[in-house]
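The values are calculated or read from the model by the stated rules, or taken from the named source; none is laboratory data. Small disclaimer: the values here were computed from a predicted structure and weren't measured. Backbone-built Cβ (ideal geometry, glycine too); neighbour counts: all protein chains shown. Each accessible area value is taken on the protein alone, full model and side chains, heavy atoms only, with ligands, DNA and RNA left out. Shrake-Rupley method; radii C 1.70, N 1.55, O 1.52, S 1.80 Å.
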Amino acid sequence: MINLNTCILEQPNIDFDKWQVLVNMMAEIYGASSGVVVQFRNDSFNVVSASNNEGSFLEVNASWPWEMKSFCRRIMETRSVLYVNDAENSDEWCSAPPVCEGPVRSYLGYPLFWPDNSLFGSICVIDTTPSNYSESFVKLLGQLKKVIESELQHVFDHERITKLLEEQSEQQEQLKQLALYDSLTGCANRNFLSERIAFSIARSEREKTEFSLLYMDLNKFKAINDTYGHKAGDQVLTAIANRINSTIRRTDLVARVGGDEFVIVFNNLVSSEDIINLLSDKILEPISFNGVNLQVSATFGVSVYPEDGGNMDKLLDIADKRMYYQKLKARA
């Protein structure tokens, strides 16, 4: 289980630059003094990301106790959105320290949850003047909070996987490798691919998002096997797998699904043209084998969930057909 008393800033696998962009954007969109992400731990509230726009009055590591009457405490107690447009003239909030002793005049916040539905903290838009946000603006923050919660999912997954690995014996670890990974390249195999796509579909359905799947096939690979032998072919496959993994993000998954065929499941929707150009350049780089520079290229096909299909077989089939069409175009 995740230690809820550990500061999220100590997590090495979170992209806090993304959080900074988000809170800056919140302050800009709402014309507010501060966009903030707050974590609740050790009976206190701690700012873990704050907008750096001019006029922002909250900084990272600022904190206040649970006992103090605050907007964030109300969110934790109710587990729901809170919007106070004119705190100074509110009978309920005018005596709260952030208002009577501080500059807060407007507050909009949503609770943030860990994947197990326990409370992480809150995401807030705070201003030093009263506000008049429309219902759409209130709902917008509810959508933006999903960016933070997706990062919390990464932490949750990382902790869960780490715990499982710690509990497994060496034999169980070997069985896991055989069950989920390709023994030559270290990429995921079809079993792991199937699990990942099922997970991605479930998450996308829950969050109403899309994700991309890329099917790729190496060109001229058979000629290398025939000319230089299977050791050369194995070295090429391993090198290509390493290049793919070094090019994509850790949150994406690479699977080997055939002799020289790979599938990439992206964590979200990506630009087909950009990723294909990037991978093409990496794959074309020569691979040294016994003093000879070997070179292969690749053909790609991309499908998108849910536009192109609602299950793994359909998504793979569409991507495969688009890849085959590109091969035919190249031969024409």
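Below is a table of values for the structure above.
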| quantity | calculated |
| --- | --- |
| Loop-located GluC sites (Glu not before Pro) in region 29-106, at most 12 other Cβ atoms within 10 Å (DSSP) | GLU54, GLU59, GLU67, GLU92, GLU101 |
| Carbon plus sulfur fraction of accessible area for the chain, probe 1.4 Å, in percent | 49 |
| Where the chain is the region considered: accessible area per residue in Å², 1.4 Å probe | 51 |
| Within the chain, helix-based [θ] at 222 nm, where runs of 4 or more DSSP H residues each add -39,500 (n - 2.57), nearest 500 | -14500 deg cm²/dmol |
| Sequence-distant aspartates and glutamates (8 or more away, or on other chains) whose Cα lies within less than 17 Å of LYS163 | ASP116, GLU173 |
| Net length gained if the chain between ASN42 and GLU101 were fully extended (0.36 nm per residue, minus Cα distance) | 18.9 nm |
| On Cα atoms only, tilt of 135-167 relative to the major axis of the chain in degrees | 60 |
| Euclidean distance of C-alpha centroids, region 290-319 and region 186-204, integer Å | 15 |
| Separation between Cα centres of region 90-156 and region 253-276, rounded to whole Å | 36 |
| Efficiency of FRET from Cβ geometry, MET68 and GLU261, R₀ 51 Å, rounded to 0.05 | 0.30 |
| Residues ASN89 and ASP234, FRET efficiency given R0 of 56 Å [Cβ-Cβ distance, rounded to 0.05] | 0.15 |
| Label zone at LEU9 (point 7 Å along Cα-to-Cβ), backbone N below 16 Å, region 42-67 | 42, 44-52, 57-65 |
| Amide H partners (placed H, <5 Å) of PHE289, local residues excluded | LEU294 |
| Förster-model FRET efficiency, 56 Å R0, ASN277 and GLU59, C-beta, rounded to 0.05 | 0.90 |
